[in-house]
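Written out below as structure tokens is the structure these notes cover.
Derivation of every value follows stated rules applied to the coordinates shown; laboratory data play no part. Worth saying up front: this structure is predicted, and the values here are computed from it rather than measured. Virtual Cβ from ideal backbone geometry, glycine too; neighbours counted across all protein chains shown.
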Amino acid sequence: MPTVVLAPDSFKGCLTAGAVAAAMAAGLKRAWPQVETICLAMADGGEGTLDAVLAVSGGRRGTARVHGADGREIEAPYGLVHTTSGETAVLEAAAVVGLPMAGGEPVASRTTLGLGELLRHCLDAGLRRFMIGLGGSSTNDGGAGVLAALGVRLLDAEGQPLAPTPAALAELDRVDFSGLDPRLKACTITLMTDVQNPLCGPLGATAVFGPQKGVSAAEIAIFDARLRHFANLCDAWAGRAVSERPGAGSAGGLGYALQLLGAENRSGAEVVAELADLDAALGRADWVITGEGRSDGQTLLGKVPLVVAQHARRAGVPVSLLSGALDGADLAELSSLFAGCFALPEGPMPLAEAMAEAERLLADRTEQLARLFAVNRPSSRMG
């Protein structure tokens, strides 16, 4: 019987990556009762990253009381895992300042303060190593909230403190780093993201990602100008143009603020692949199945399926894509990477129904893929 690696991302708002892999495994076993499956929960820094890292690394979960994107208190999760470098805290921006934590507040009033508070909570617990997933934020404050939580003061022309929000940045005159938490100098921070955009400009955080969060077309230039002014002041303190670095525009500028503090920007999917020991699993595999909630042109910019496909290709293992939906406009390019690209729906189906039936659909589709795979790759192991 074959050995199959199941390495999907989560289906956003529907199933965790672990649940997706489990449903795929159930379908495989219908076709091949004796199949060996290796289930690896994957993520790229966005929603589900904390769950995926804990699934592949073990560790434990903690919570802390912090402020969500709309300023209300929430119980925010974080993880503690053992790596080769020692105990590491895993933070996920989407779980602290994601869209569900935005309430009814407009983007101009949202803040990343809570993520900074969570980081400070971990510092108080003695932690000095961090992995922070930056996808899925609802914020566009340039990371001003994180900096404020860690001791940086935003001041107006009269020296009065400002709230760390895009709206308040309109009055910004000075950024005072003198109170920055000194413990950060001893920290190692790895940022997990698939975004390479700078902070400002036509490829920056606001222009590219702002509309997804609620920034109107008329507001883009205004928000971008405020971030540029904020960045000019912060870059002067840093002595280098951190705002122009790849990834500075991730998570509405969270990548910028954390890189100011010395963080290293890395591919989130590659970090999880290392933690999951994906290459070792591929060394035993006959086939790989990956997937995500929706596959389109964004998949090709560093999302989980792309990274899994690249690793599988290097290992000489065929890899298929099974996602909740496929964008037909990008199907030709996606098909060049995978041994077949497949979507879940059986026919016309409302999104709510497809999400409710996702586990069943995943199992059914995977079963049929396995039967097709066996026919096209006959061997003694495909019984």
Take each of the peptides 69-77, 34-42, average the number of other beta-carbon atoms within 10 Å over its residues, and list them starting from the highest.
-> 34-42, 69-77
Just need the Rg to Rh number for segment 49-268, please, alpha carbons only, Kirkwood Rh.
-> 0.94
Go through Ala248, His229, Val271 and say which Cα lies farthest out towards the positive end of the charge dipole of segment 206-362; charges sit on Cβ, +1 for Lys and Arg, -1 for Asp and Glu.
-> His229
Likely footprinting exposure, Leu6, Leu321, Leu150, fewest C-beta neighbours within 10 Å first = Leu150, Leu321, Leu6
What list do you get for Ile289, Ile132, Ile222 if you sort them by fewest beta carbons within 10 Å?
-> Ile222, Ile132, Ile289
3J(HN,Hα) from dihedral phi, segment 103-115, Karplus parametrisation 6.51/-1.76/1.60, rounded to Hz, x for glycine, proline = x, x, 6, x, 4, 4, 9, 8, 9, 9, 3, x, 5
Enumerate the amide H contacts of Ile74 below 5 Å, restricted to partners 5 or more residues apart or on another chain; note that Pro and chain-start residues carry no placed amide H.
-> Val66, His67, Gly68
Using amide H atoms built 1.01 Å from N in the peptide plane, name the residues 5+ places from Val90, or on other chains, whose amide H lies under 5 Å from its own.
-> Gly79, Leu80, Val81, Met131
Taking Cα centroids, how far is segment 72-113 from segment 141-182 in Å?
-> 20 Å
Most packed first (mean Cβ within 10 Å per residue), the peptides 91-97, 114-120 order as 91-97, 114-120
Integer Hz, Karplus 6.51/-1.76/1.60 couplings in order for segment 266-279, x for Gly and Pro | 9, 5, x, 5, 5, 4, 5, 4, 5, 4, 7, 6, 4, 5
Rg/Rh (Cα only; Kirkwood hydrodynamic radius) as it applies to segment 179-284 | 1.08
Determine, for each peptide in 323-334, 10-21, 100-111, the mean count of other beta carbons within 10 angstrom over its residues, then list the peptides with the highest first.
-> 10-21, 100-111, 323-334
Rounded to the nearest 500, what is the 222 nm mean residue ellipticity of the chain from helices alone, with -39500 (n - 2.57) per DSSP H run of 4+ residues and division by all residues?
-> -10000 deg cm²/dmol
Karplus-derived HN-Hα couplings along segment 122-138 (A = 6.51, B = -1.76, C = 1.60, θ = phi - 60°), whole Hz, x at Gly and Pro | 5, 4, 4, 7, x, 7, 9, 10, 9, 10, 10, x, 9, x, x, 7, 9
Pull up all non-local amide H partners of Asp194: gap of 5 or more, or a different chain, and H-to-H distance under 5 Å with H placed in the peptide plane.
-> Gly268
Please report, in Å, the Rg and the Dmax of segment 124-250, where both are computed over Cα atoms only.
-> 14.7, 45
Taking the convex hull of the alpha carbon atoms in the chain, what volume per residue do you get, in Å³?
-> 138 Å³
Inter-label distance, nm, simple model (7 Å from Cα along the C-beta direction), Ser85/Val208 | 2.4 nm
